[in-house]
Amino acid sequence: MLSNPKPFLKFDDLLLPPPLPAVVSLLIVLGVLFLGRRLAHKVRGDRVLPLDIAAGVVTVTTGMTATLHLLALGQLLSVPLLRSLAAAIGALGVVEAISIWRKRADYSRPIVALWHESKGLCRIALICAGIIVMGLFLASLGPASDADSLNYHLGVPLDWIRHGGAQARFDWLHARLIGLGDMINLLGLGAGTDCLSSVFQFAGLIMATFAVSALAKATAGRIMGILLVVSSPLMVGLTASQKPQLLPCAAMTTALVLVISRFPVLDAGSAFFCLSCLAFAIACKYSFLLTGILILPIALYAAWRSGRLARVALLAAALLIFAVAPIYLRNLAFYGDPLTPFLEKWRSSADPIVTTFAWYLHNFAGDRTWANVLKLPWNLVATRDPGEITMVLGIGTFALFMVAFRRSLEARVMLGACAAAGFLILIFSQLAARFFLEPYLWAAAAAVASPWGRAKTYFLRALVVQALIVAVIATYSAVTSFPAAVSGN
């Protein structure tokens, strides 16, 4: 039963008039970037790379969302509190925006250098990537429109705001799936915007490009890494959604690349960033447990090789207790199942509705028949339904074959993690392409890390063709979504 409900709130009671939701979302993300950048410099000193800044942003996001979740558990939520927090972060965003404008020449210099180092096909690839990124950025500023976002990714945070904290909802099955990523929507609604999470997902897109291309040895490799991320049709659907999937995928990929690129001398700062990214992703969605249990041993092994195992293990325990444990303890207290609804069938008084819901989630994209498993590679690459084109990973899935020969050490480790993750997801998760995004990104990073050859040249050409198609789709997405961000239509 819901106790002491506050006056009934609707989305329209909280949302600001356009274009303020888009402006507020952008300033909050810039504010998190402000904090993440300074944290990266504090932790890594003058050795800061773009990957460190990305990890710093995820670390700040972890602290922010975990704190909001604890406030919700303590029944301490209120609109004034959320607006005060959003205003403070947004004020830092204004400072960051001014700093970016003043240093625009410095920020544009790497892009200009990449352009001058490229020629022919690589320049076409960069143009396509630029169009896609701009289109997805504008689309992310539009209002929420997909069913999952409007149902529970925004609906449950709204319900928590109504009641001043987290509530058990036995009548709302999807309320059991709320994780740390949905705390971004909680902050956004309190601040008057419904597109905050989609702007964070766009930030995840940028982080993923940093992570995948970080292992590149040459300009062509970096460009291939960028295209492998932004030209995937799936990115269009994930970026414009409030669903917290792309950002934790990018966080998990950042964590793995940090460990691999700094192995065997894993410094304490890199370990901290790696574990923070890991904790955030695991706390966002159950499926990230499957990949988290792969990365954590790699990080601990790297810490042991560098003589920091005890310190890193304690740090891992602290982060998991702070960010992850409250999610599972909440579910245990509310529903008697820390992984609700997936352990419901093992309870002595199992609810058949909840067990059916668990079966539905597990088999949403198809039963695990031999026919569906054999068709999975095709379903990851392409679809016959034009309306589902943004639900596939695209030809970048074949990046796996670009590392078949002359593998580097980084490529071998990424490939091993990719294969193990793919197997676990195949067994325990949905067969939908978005659940295979992490092994896709890891295979992409392995392809980027491997030596260049003729096969990769042909593969880059195929990626450019796909990028041309995705550029059109991203432009259409921007044209249909962004006007609503400024006009409300």
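The values are calculated or read from the model by the stated rules, or taken from the named source; none is laboratory data. These numbers were taken from a predicted model, which means no experiment stands behind them. Using ideal geometry, Cβ is built from the backbone for each residue, glycine included, and neighbour counts are taken over all protein chains shown. These accessible areas exclude ligands, DNA and RNA; they are computed on the full protein's heavy atoms, side chains included. Shrake-Rupley method; radii C 1.70, N 1.55, O 1.52, S 1.80 Å.
Amide H neighbours of ALA432 under 5 Å, at least 5 residues apart or on other chains, H built in the peptide plane: list them.
ALA365
Given points 7 Å out from each Cα along the Cα-Cβ axis, report the THR369 to LEU76 separation in nanometres with one decimal.
With each label placed 7 Å out from Cα toward Cβ, I get 5.3 nm.
Past 22 Å, Cα to Cα: identify those pairs from LYS217/LYS456; LYS10/LYS243; LYS42/LYS217; LYS119/LYS456, in the order given.
Checking Cα-Cα distances, LYS42/LYS217 exceed 22 Å.
Give the Rg/Rh ratio for the stretch 211-358, taking Rg as the radius of gyration of the Cα atoms and Rh as the Kirkwood radius, to two decimals.
1.06
Order THR356, THR340, THR457 by their accessible area, 1.4 angstrom probe, all chains in place, largest first.
Result of the area sort, largest leading: THR356, THR457, THR340.
ALA268 to ARG109: extension gain in nm, 0.36 nm per residue of separation minus the Cα-Cα distance?
Full-extension gain reported as 54.2 nm.
Between ILE100 and LEU309, what FRET efficiency comes out of the Förster formula 1/(1 + (r/R0)^6) with R0 = 41 Å and r the beta carbon distance, rounded to 0.05?
Computed FRET efficiency for LEU309 and ILE100: 0.55.
Whole-Hz ³J(HN,Hα) for each residue in the stretch 92-99, computed from phi via Karplus 6.51 cos²θ - 1.76 cosθ + 1.60 with θ = phi - 60°, x for glycine and proline: what do you get?
5, x, 4, 4, 5, 4, 5, 5
At 1.4 Å probe size, with the rest of the protein present, what percent of the exposed accessible area of the chain is carbon and sulfur atoms?
Roughly 70 percent, rounded to a whole number.
May I ask you to rank GLU117, GLU344, GLU388 by accessible area, largest first, using a 1.4 Å probe over the protein chains only?
GLU117, GLU388, GLU344
From the P(r) of the stretch 310-349, can you give the percent of Cα pairs sitting at distances over 10 Å?
It works out to 70 percent of all Cα pairs.
Starting from 0 in steps of 10 Å, tell me what percent of the Cα-Cα pairs of the stretch 401-489 lands in each bin.
Calculated P(r), rounded to whole percents: 15, 29, 30, 18, 7, 1.
When Rg is the radius of gyration of the Cα atoms in the chain and Rh is its Kirkwood radius, what does Rg/Rh come to?
Ratio value, two decimals: 0.95.
I'd like the Karplus ³J(HN,Hα) series for the stretch 245-260: coefficients 6.51, -1.76, 1.60, θ = phi - 60°, whole numbers in Hz, and an x wherever there's a Gly or Pro.
Once θ is set to phi - 60°, the couplings for the stretch 245-260 become 10, 5, 4, x, 4, 5, 5, 5, 5, 4, 4, 5, 5, 4, 5, 5 Hz.
If you rank ASP146, ASP337, ASP385 by how much accessible surface each has, with a 1.4 Å probe, what is the order from largest down? Numbers along the way, then the final one.
Numbers: ASP146 45, ASP337 0, ASP385 70 Å².
Ranked from most to least accessible, the order is ASP385, ASP146, ASP337.
Tabulate in residue order the Karplus-calculated ³J(HN,Hα) for the stretch 160-175, using 6.51 cos²θ - 1.76 cosθ + 1.60 with θ = phi - 60°, rounded to whole Hz; enter x for Gly and Pro.
5, 5, 4, 9, x, x, 5, 10, 6, 10, 6, 8, 10, 4, 5, 5
Would you please classify the overall shape of the stretch 1-93 from the alpha carbon gyration tensor, given that a ≥ b ≥ c denote the square roots of the eigenvalues, rounded means a/c under 1.5, and beyond that prolate means a/b larger than b/c while oblate covers the rest?
Cα axes put the stretch 1-93 in the oblate bin.
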